[in-house]
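Input: a single structure, listed below in structure tokens.
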């Protein structure tokens with residue numbers, strides 16, 4: 001294992017990002033804090049910072065806060081684990097990487113973990129937005145759906161938890177590199 005001290009910061013809206021952060025704690029014996037509590041973490045004592053955040057509307061929750069931390073800690077090894085309800089899709093990950101890989105986050109690797117879907121736990125706003133999206137998608141030919149759209153339509157009305165330690169293997173291997 002990497003001899004440096006690892007910090008995991010997370011932003012979790014519906015629990016999947018927190019679940020992955022706790023899995024990382026178990027695997028890497030690292031410290032874990034909500035991104036909002038990062039000031040308590042004494043950032044200077046860490047050699048590596050991993051940020052875990054959910055994907056919402058094409059962005060990663062908490063990423064702006066993490067960006068500020070990285071601006072202060074530019075020489076600290078860092079990675080991002082984004083968590084979404086869709087199955088892994090290389091095209092979508094490449095687009096996300098292009099979108100976020102600027103400034104302080106330019107050379108930071110991006111990893112993916114599939115999360116959860118439970119409309120009964122969603123905020124009114126999220127349920128409404130998803131409902132509007134599903135309505136628009138229902139007018140299209142299902143054979144033309146992007147992977148995220150197909151996953152959305154298949155999960156509709158269900159409670160699904162796809163979190164799995166398998167998604168963490170590439171990130172854990174990266175964290176153990178010198």
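Read-outs: derived from the displayed coordinates by stated rules, not from any lab. Small disclaimer: the values here were computed from a predicted structure and weren't measured.
Out of every Cα-Cα pair in the stretch 134-177, what percent are more than 15 Å apart?
Considering the stretch 134-177, 58 percent of its Cα-Cα pairs are separated by more than 15 Å.
Let me check I have the definition right: for the stretch 1-141, take the eigenvalues of the Cα gyration tensor, multiply each by 5, take square roots. What are those semi-axes in whole Å, largest first?
Output for the stretch 1-141: semi-axes of 29, 16, 13 Å.
Rank 123, 17, 29 by mean-square fluctuation in a GNM of the chain with C-alpha springs under 10 angstrom and give only the top-ranked residue.
Among 123, 17, 29, the largest mean-square fluctuation in the Gaussian network model of the chain belongs to 123.
If you find the alpha carbon centre of the stretch 132-168 and of the stretch 52-104, how far apart are they in angstrom?
For the stretch 132-168 versus the stretch 52-104, the Cα centre distance is 21 Å.
What percent does the relative contact order of the chain come to when contacts are Cα pairs within less than 8 Å and at least six residues apart?
Computed value for the chain: 24 percent relative contact order.
Counting helices only, and only those DSSP H runs with n ≥ 4, report the 222 nm mean residue ellipticity of the chain as the sum of -39,500 (n - 2.57) divided by its residues, in deg cm²/dmol to the nearest 500.
Taken over the chain, the calculation gives -11000 deg cm²/dmol.
Note down the relative contact order for the stretch 76-131 as a percent, whole number, built from C-alpha pairs under 8 angstrom at least six residues apart.
On the way: 43 pairs, mean separation 26.8, N = 56.
Relative CO of the stretch 76-131 lands at 48 percent.
When DSSP assigns beta bridges and you keep just the ones with both residues in the chain, what percent turn out antiparallel, to the nearest 5?
20
For the stretch 118-159, how big is the tail of P(r) above 17 Å, as a whole percent of Cα pairs? Kindly include the intermediate steps, with their values, before the conclusion.
Numbers: 236 of 861 pairs.
In whole percent, the long-distance tail amounts to 27.
List the extent of the Cα atoms of the stretch 84-160 along each of their three principal axes, largest first, rounded to whole Å.
38, 29, 19
Given springs between every Cα pair under 10 Å in a Gaussian network model of the chain, which of 61, 92, 136 has the largest fluctuation?
Highest fluctuation of the listed residues: 136.
Looking only at 73, 99, 114, which one moves most when the chain is put into a Gaussian network model with springs between Cα atoms under 10 Å?
Looking only at 73, 99, 114, the largest GNM fluctuation is found for 99.
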